[in-house]
Amino acid sequence: MDTERALVRKHFTALIAEAEAAKTPGDVIGRLALEEVLALWLRTRDWRDVASELEFRARSLDPDADFEFMRP
């Protein structure tokens, strides 16, 4: 997955640079990028599966919390 991550990071970095040059706020780009990711996922995944993925990611945002799958 490192190759795929590098590919996405390369294009996302270019997107952010282009948006900054156009003075488009990062928050706007983030929302629109998320919209595109959701559309991509929904092409092949059930909406419940996508919702579950988003829920898991949202619960993992707190940097001070243990990961959900970690046991005490």
### Message
Looking for something modelled with pLDDT under 95, aromatic (Phe, Trp, Tyr), out of contact with any Ser or Thr (no Cβ under 8 Å at 6 or more places or on another chain) and surrounded by 10 or more Cβ atoms within 10 Å (Cβ to Cβ) - is there at least one such residue anywhere in region 52-72?
### Response
yes
### Flag if Thr24 is β-branched (Val, Ile, Thr) and assigned to a helix (DSSP H, G or I)
no
### Task
Within region 26-50, work out how many residues are more than 13 Å from the chain's Cα centre (by Cα) and either of a type in the set (Val, Ile, Thr) or over 21 Å from Val8 (Cβ atoms) (or both).
5
### Task
Determine which member of the set Leu61, Leu34 is part of a helix (DSSP H, G or I) and of a type in the set (A, V, I, L, M, F, W, C).
Leu34
### Task
Take Glu53 and decide whether it is in a helix (DSSP H, G or I) and in contact with a helix residue (DSSP H, G or I) (Cβ under 9 Å, 6 or more places away or on another chain).
yes
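The values are calculated or read from the model by the stated rules, or taken from the named source; none is laboratory data. Keep in mind it's a predicted model, so treat the numbers as computed, not measured. Don't worry about glycine lacking a Cβ; one is built from the backbone with ideal geometry, like all the others, and counts go over all protein chains shown.
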